[in-house]
Structures are given as C-alpha cells and as structure tokens.
Amino acid sequence: MNGTPACLLDLRMQRVTLNQEMQNTLHIDDDDLSFAAWIQAFNSTAQSGLQQVLHRLLTEGLRETSVQLTDQNNSRKYHCKLVHLTNGQIAFSLKPLEESFTNPNASKSSSYANIIDKTGQTHSYSFRRPILDEGSAQLRASQDSQLRQRMSDIIDKFPHGLAIINQEWEITYANAMMEKVTGIDFEYASNQRLWDIFPIDEYYNFFQNYLRAMENKETVEFEGFIKETRCVVHVTVYPTDLGVTVFLQDVTQYKKHLQALKDSEERFAILANNIKDVFWIADPQFEEFHYISPSFQNMFGVSRRDALSNPNSLDQVVHEEDLEKVKVSLSLMKTQRHQVEYRIKTVQGEQKWIRTRGFPVENAGTLYVLGIHEDITECREMNKLKEKSQQLSTITQMSAGIAHEIKNPLTAIKGFLQIGAANPELRDNYQEIILDEVNRIEAIVQDFMMLSKPKSSIQMEEVEADEVLSYVLRLLEPEAQDKNVFLRSEKMHLEETILTEPKRLNQILINLVKNAIDAVDDGGEVMVHSEVLRNELTLSVSDNGPGLTAQELAKIGEPFFTTKEKGTGLGVMVTKKIVADLNGTISYKSKKGEGTTVTVKLPRQP
C-alpha cells in the first residue's frame, strides 16, 4: 500500500499505529501514539463526526464505512475509509479531496447524516450507501477489493507479528512478520490446530494465556520464547467474538542489551564496592555530583547522600590552609587533567592526606568531570620514613667514609711525628709529608662544609660567563702543562651575562676541569665548550681519557665513589649539590675507551 496514508486503530487499547505516509499527511512525528493524541490532527467538527462513525462501526456490526473529514487547520479535506478487522481493530486510510465539503452536487450514491455536537450545531457527514444499478455495483466491488488489498498490505508490512486464531484453535491469518518471528510457514500449516504446529508441552505458557483471553474476554500480555528461531517475544492477546488476535514483538536484542547492561552494572558495583579509592562524576561547575562510589563515607566521614545533595559539604572537611588550593585545582579539571594533594579533618577528628585527580569528558554533547579520590596518608608516612632511612643510611655511609679518609692521613701524621720525636735530626725530612696530609684533611673538611652549606646562602649577581671561564682556564693551565695535557676551549655568545653566584660557578668549572685533567694520560686532551643561549648557559667538559663502564657511570655521585687512586668522590657530590642549588642540571656521557663528557646547564634567570 505504498503511498497511501493509513493507520491501525486499536480502540480497546486506545492506541494508533501509523505508516510513514499517514505521518507525513497529518504532520505527526511518532508512528505510535494514543488515540486521543491522534484525533487532534482533525478539527473539532471532524473529531465529533469520527467518533460517531466509529461508534456505528462497532455497535451496528458494519464491516466498513467511509466519512469525509477536515484537518485541524481547515485547509484540507479527506475521504476516509474505515474497515473493521477484529474486535476493536480498525484499519483507517484517507485520500485528500479537492471538492467542497458541502458540495450540493455530491453523487447520489452517497447519503448524509446530521449529527449534533455539544454546542447544538448540526454538521453533515457523508456515508456510502449500497448502489442498486449493476454498473455501480461492479464499481463498488472493485473499490472494495482494492481497499481490502491495501489493508492487507498494511497488515503484512506491520512491524510486529500478527495472527488471528479462531475458537477452533485454527490460525486463520498470519502476516509475514509472524512467520519470520516463529519460523513457521502458515500457508502450509492451514487447517491445522495450533497444537499441531506448536507442541503444548513446549509452549504451555502460550496456550494458557490464549485460553485465559478467550474465556475471560480480557487482554493478556506476557513474554515467551520461540524455540525454532530462539527469539524472546512480547505477546499481546486481544479477545474477539471469533477467537483471539495475537501480536508478537521480537525483543531478543532488547533483552540481550538489557542483560549486558545489567551484567556491566553488577561488575562495576563489585569494583566500586570493594576498592578503597572513591570514583566520582560531576558537572563542570561542581554544583552537582552525578555519581559517588560507596567508599566516600569511609574516606571523608561524610555520607554519600549529603555529598550528592550538597556538593559543598566537602569544603567543611578540607583543611582551611588547603581549601583555596583545592578550589583552584577543581577549576582546572574542567579543561585539563590535573591533580592536587591536600589535608582533610574528618568529623571524628582524624587527619588524612588526600590526592584528587580529575579530567573533563564529553558524552552525547554534555560535558562532565570524572575523577578519583585517593587516601595517601599511609603513603606519605612511608615516604617520610623512607627519607629518614635514606638520610640515616647516607649519614652512616658518609661517617664511615670520613673516618676512613681522615684516618689515613692522621695515621701518616702520627707515624712521622713519632719518628721525629725519636729522631729529632730527621724531623725536617718528614715536614713536607706531614703538611701534605694536613692539607688533605683540610680539603675533605672543606668539601663537607660545601655540602652542608644551605641554598638560602646563595647571593645572586650579574656575571659575565666569559670572565669566569677565562679565570678557571688560567688557574688550571699550569696544572695541565705539568701533566702534558692539552687544555682547549670553545666559546659561543659569552658576551651575554647571567644571574648566578660567581664563587659557586667557579667551583663547578674547577671541579669539572680538574677531574678531566686527572682522568687523561700524558698527552691527553681536555675540551671546554661554553655557550650562552636565550634562556640558559651550557658548560660542557670533554676528555679523551679511559672513560667509564655503564656500572661505574651509574654510581657517579655516590659518597666516596671514585676512580682516582687518591680521590674521595666528594668532588662530584659537591658539584651536583652546587648545580642543584643554582636550579641547573648535570649529565654524564661516557664509554669505556672513548672518554667522558660532562654537561651542565644553568638558567640565565634562576
């Protein structure tokens, strides 16, 4: 029935199902709506007339009738056909008319009925009467045949399965969708009883509800399973004088999706109920929480109900010194991934450290903020204990190193002093050795004093990098010459100044260059590269010495680790400490047999 506006009226359920053409003609968006909503598409006069016609169709036993109706805007008139299919099931189709509604020259094959509405006004409706002459009778028969064919097309294309069962339990009609859902070709199953097609023991629930509808004359709804097609169906049974009309809706996919959703919710509930962290979903303004996981109350001491009804309740437990920081961080989570650590004090007086992480997400055009609260109290305490343990370990290691490094020169000094006491004439011979050992002790003490010097003692000033580099090269040139080491330099853009502490910058360069000179053999080479860029000063010291293995490189900076025969390893520690105090970075690159390169980068404006 392509192109014909049509619909199925279910007066028992007060529902109307429309095809697309009917939706377009009456300008209705839904294909299934209530009868009261559907009849509003016609004007009040047409509504009253249609109600009268439907009443006659149901009470007078008419098979079909027709009526002329006008739409809500009084702009179009339609010739409407109504065919009574089953008890309360009426097929309705319409055809636009161009002629006047009250055409005095209407065909004599039509008769008019006067109907008085509630206001007392009389309105005329046209009903088709039987035609006595042979030509008109043939025309009427042809039109009826066409109408029945159109109605049959509508039912065949109905989106749900439809079947009519008589009181003898025979299926007198089934549409194409019913055959598809049940997997039965009813054309070859005609004149068979329902139980010959569907075994009662397998479909007992169906037969029980069909019988209930027949005997009690009531509409019955239930769900069943079609074994042949493995379909879950929603069944509606309407009683009629001749039996029952059955509608089957395939809800298999709906049930699968519903079960998948239920399973997903159960899995999420297991996760949410058994994890200590708190998951939450909020609107970008944090004026409403859409979800808070059950662990919230244990963590914050505030009930989920209070948090959901009053999102600001969290502010009451946040430490007052951290509250502003938390608000700023939550605001940042609207646009980016962010996290914040803060203190809370629960109603029970317990203080905790909380880490909150959040980020924005968009779903179906709506923006949300998703996040997680973590209780990091134990983690912070463990980190403090770990830091203290590392400090104690470092102190113990350094104490042992100090004792070892100072013990050696003290032993030498003591021994030579004893020799000098026993042999006064030999004192002058050991004086130089004793002085060297005292100087060694002094150097060790100075290194430790540099390590203990606080960062706050730094005094920044504008410094020309070229002057510092030239000073250090002049200072160490004699030592390089004594060892027959070539000391070269490469300078780039050193006319620029940097903001730093000159003494500490000198100490960095001296330590790096001295270590490089000590690392190379006779005839070796040390290259000092320096460059001032827009934002930083880069110092790079390279040598062609023996280099370091990967294991040795990993230990660089550990207390008293050294590759020198008389080294203490404190020089590297001091250098790293100074670089860190100046907000810079230091890196080592070395390979055994190819030398070592140390690169220091310092910001021009720390």
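The values are calculated or read from the model by the stated rules, or taken from the named source; none is laboratory data. What you are looking at is a predicted structure, and each value in this text was computed from that prediction instead of being measured. Here the Cβ is made from the backbone with ideal geometry for all residues, glycine too, and neighbour counts use every protein chain on show. Accessible surface is based on the protein model in full, side chains and every heavy atom, while ligands, DNA and RNA are left aside. Shrake-Rupley method; radii C 1.70, N 1.55, O 1.52, S 1.80 Å.
Things worth noting here:
- Check on K327, in a loop (DSSP other than H, G, I, E, B) and open to solvent by 90 Å² or more (accessible area, probe 1.4 Å): no
- Taking the criterion of being in a helix (DSSP H, G or I) and not hydroxyl-bearing (S, T, Y), the residues of region 264-279 that qualify are E265, E266, R267, F268, A269, I270, L271, A272, N273.
- Residues of region 261-289 that turn out to be touching a residue at least 60 places away in the same chain (Cβ under 8 Å) and surrounded by 13 or more Cβ atoms within 10 Å (Cβ to Cβ), as a count: 9
- Check on P478, under 17 Å from G595 (Cα atoms), more than 52 Å from the chain's Cα centre (by Cα) and open to solvent by 50 Å² or more (accessible area, probe 1.4 Å): no
- The condition of being on the phi > 0 side of the Ramachandran plot and either open to solvent by 40 Å² or more (accessible area, probe 1.4 Å) or aliphatic (A, V, I, L, M) (or both) holds for only one of Q20, Q14, Q40, that being Q14.
- Residues that are aliphatic (A, V, I, L, M), farther than 18 Å from N166 by Cα and open to solvent by 20 Å² or more (accessible area, probe 1.4 Å), drawn from region 185-242: V232
- Residues in region 46-87 that are outside any strand (DSSP E or B), of a type outside the set (K, R) and either modelled with pLDDT of 80 or more or open to solvent by 40 Å² or more (accessible area, probe 1.4 Å) (or both): 18 in all.
- Considering residues of region 170-182 that are surrounded by fewer than 18 Cβ atoms within 10 Å (Cβ to Cβ) and in contact with a Lys or Arg (Cβ under 9 Å, 6 or more places away or on another chain) only, the residue nearest to G243 (Cα to Cα): E170
- Here G547 passes the criteria (1) open to solvent by 20 Å² or more (accessible area, probe 1.4 Å); (2) in a loop (DSSP other than H, G, I, E, B) except the one numbered (1).
- Enumeration of residues in region 485-537 that are within 49 Å of the chain's Cα centre (by Cα), open to solvent by 50 Å² or more (accessible area, probe 1.4 Å) and either charged (D, E, K, R) or modelled with pLDDT of 85 or more (or both): R534, E536
- Restricting Y238, Y254 to residues that are touching a strand residue (DSSP E or B) at 6+ places or on another chain (Cβ under 6 Å), of a type in the set (S, T, Y) and outside any loop (DSSP other than H, G, I, E, B) narrows the list to Y238.
- Inside region 7-43, residues that are part of a helix (DSSP H, G or I) and among the polar types (S, T, N, Q) make up a count of 5.
- Qualifying residue in region 424-441 (condition: among the aromatic types (F, W, Y), modelled with pLDDT of 75 or more and more than 30 Å from L533 (Cα to Cα)): no
- Given (1) open to solvent by 20 Å² or more (accessible area, probe 1.4 Å); (2) out of contact with any strand residue (DSSP E or B) (no Cβ under 8 Å at 6 or more places or on another chain), number of the condition D31 does not satisfy: (2)
- Those residues of region 290-323 which are exposed (fewer than 12 other Cβ atoms within 10 Å of the Cβ) and either touching a residue at least 12 places away in the same chain (Cβ under 8 Å) or under 16 Å from D375 (Cα atoms) (or both), in sequence order: N298, E321
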